[in-house]
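This report refers to the structure that appears directly beneath it.
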Amino acid sequence: MTPADALVSFGFTALESEIYVFLLGNSPATGYRVAVGIGKPAANTYKAIQSLQAKGGILVEEGPNRLCRAVPLEELMGRLQKDFESKKAATIKALKNAGKPPEDERIYFLRSRDQIFSRAREMLGVANVVAMVKGSGAFLHGIEADLRKAADRGAAVSALSPEAVAIENIEVVQGTEGGRNQVVVVVDGLQTLVGTIADEAEAEAIWTRSPFLAQIHHEGLSAEIALTNVSHLLKADEKRSRIQRAVDMRRSLPQNRQE
């Protein structure tokens, strides 16, 4: 992106953006001077100046010379932000009762780190009962805020990582070095995400709302976390009661969970 087309992504035309950038460093200026300065036909420039004024990007002094002045960048960005928030609120209000598409149980493939992180955050954002995660320290820290929010809502949140990871109010069990790049996220036994993240070129996963697959992954990850805890306790020669408690702490799904 060049300075001349910096405003295009905000709904301005390329010519309007170029005029605004010119005026940032050359205000005030007549329309003719702007046209000469940017090397564009005067008629097109005058028309773009009118539309840019209507959009709040410039001020035009009424008088014989009609001098144009760019609105300060911070002021323009603030106005655009307010406009966006206003339109966002209006859109949500208009569409919130439009209905939701029916849930499906198909399997979807995710092919990038961004997709995997985004889907994991969305899953944790609706966790109400049980959320379990397996991944590297980098992955867990990448979704740390979402794990905490799920726990704050009352969900039982636990994680398994091949590295020592500390996240406040979240049970993180350190497992073996095997499967360092694996990623698993299971929420409420209703949706699951499974894949690997090595780098951007080697990131892939599947995600589904199939309760059948989600419950299988839930049971598997729950057992893995519990057995890893038991292994640590046995190595520390802990009492039988503590070992039994670790087994009992397996994240089981309530029978009356909401489908």
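Observations on the model:
- Contact order relative to length of the chain, as percent, for alpha carbon pairs under 8 angstrom and 6 or more apart: 13
- Comparing G142, G125, G25 in a Gaussian network model of the chain (Cα springs below 10 Å), the most mobile by mean-square fluctuation is G25.
- Helix-derived mean residue ellipticity, 222 nm - over the chain, DSSP H n ≥ 4, -39500 (n - 2.57), to 500: -14500 deg cm²/dmol
- R111/T176 FRET efficiency (R0 41 Å; Cβ-Cβ; nearest 0.05): 0.90
- Likely footprinting exposure, L190, L15, fewest C-beta neighbours within 10 Å first: L15, L190
- Alpha-carbon centroid distance for the pair segment 35-55 / segment 112-149, whole angstrom: 48
- Three-way shape label, the chain, alpha-carbon gyration tensor, a/c 1.5: prolate
- Near the amide H of L160, within less than 5 Å, lie the amide hydrogens of V133, K134, G135, V173, all on another chain or at least 5 residues away, with H placed in the peptide plane.
- Cleavage-rule hits, GluC sites (Glu not before Pro), segment 130-210, DSSP coil, Cβ neighbours within 10 Å at most 13: E168, E177
- Amide H contacts under 5 Å for S210: T192, restricted to partners 5 or more places along the chain or on a different chain, H placed in the peptide plane at 1.01 Å from N.
- Residue order, fewest to most beta carbons within 10 Å, for I143, I116, I206, I167: I206, I167, I143, I116
- In this calculation the C-beta distance from A198 to D152 is compared with R0 = 35 Å, giving a FRET efficiency of 0.65.
- Extension gain for T228 to E62 (0.36 nm times residue separation, less C-alpha to C-alpha distance): 52.2 nm.
- Sequentially through segment 154-165, phi angles give Karplus couplings (6.51, -1.76, 1.60; θ = phi - 60°) of x, 6, 7, 10, 9, 9, 10, 9, x, 10, 6, 10 Hz, Gly and Pro residues having no value and appearing as x.
- Projected label distance in nm at V36 and N97, using a 7 Å step from Cα toward the beta-carbon: 5.9
Coordinate-derived values only; no laboratory data. All of these numbers come straight from a predicted model, not from anything done at the bench. When we count neighbours, we look across all protein chains shown, and the Cβ atoms used for this are built from the backbone with ideal geometry, even at glycine.
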